[in-house]
Amino acid sequence: MTLFQERTNTNIRSDDRVIVLAPMPGKSTKSSMGLTDNRLFTGENKLHAIFDGGLRLWHLRYEIGGLPEPLKNRWTRFNDMIKDVTSYFKTRNVQVVKVIE
């Protein structure tokens, strides 16, 4: 099945989705340069997953600020991207709560 067929045959409704993050209960968040941007948990800053129809690839962006290097990737499958995002944030004591389409 091609990527186009996969997207057509599923219930995908949006090419711009918000990945909602939250600190892991009982743990303080961290990053390689200090604390993780707490605006990601209050809604002041959001992590977007965006599908580029021309390239047929998913990528990430913050509304405010630049992405960390490990998240500056491109993915052919949304589920693979979420897996990588979950792994990245898990090492920073942050969890993916939900995805808003």
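Listed by chain and number, the lysines whose C-alpha is less than 20 Å from the C-alpha of LYS30, apart from same-chain residues fewer than 8 away, are LYS46, LYS72, LYS83, LYS90. Estimated at 0.36 nm per residue, the fully extended path between ALA22 and HIS48 surpasses their Cα-Cα distance by 7.9 nm.
For a paramagnetic label modelled on ASP15 (point 7 Å from Cα along Cα→Cβ), amide N atoms under 17 Å away belong, within the range 39-65, to 48-61. For LEU67, nonlocal amide neighbours, meaning residues 5 or more places apart or on other chains whose placed amide H falls under 5 Å from its own, are TYR62.
Using Cβ point charges alone (K and R +1, D and E -1), the dipole size of the range 13-100 about the Cα centre works out to roughly 240 debye. For the range 13-100, pairs of C-alpha atoms spaced more than 17 angstrom apart make up 45 percent of the total.
Computed 3J(HN,Hα) for the range 38-54, one whole-Hz value per residue from the Karplus formula 6.51 cos²θ - 1.76 cosθ + 1.60 where θ = phi - 60°, is 5, 5, 5, 9, 9, x, 6, 10, 9, 9, 9, 9, 10, 9, 8, x, x, glycine and proline marked x.
Read-outs throughout are calculated quantities, based only on the coordinates presented, and are distinct from any laboratory measurement. Note that the coordinates shown come from a computational prediction; the quantities given were computed from them, not determined experimentally. We place every Cβ from the backbone using ideal geometry, glycine too, and count neighbours over all the protein chains shown.
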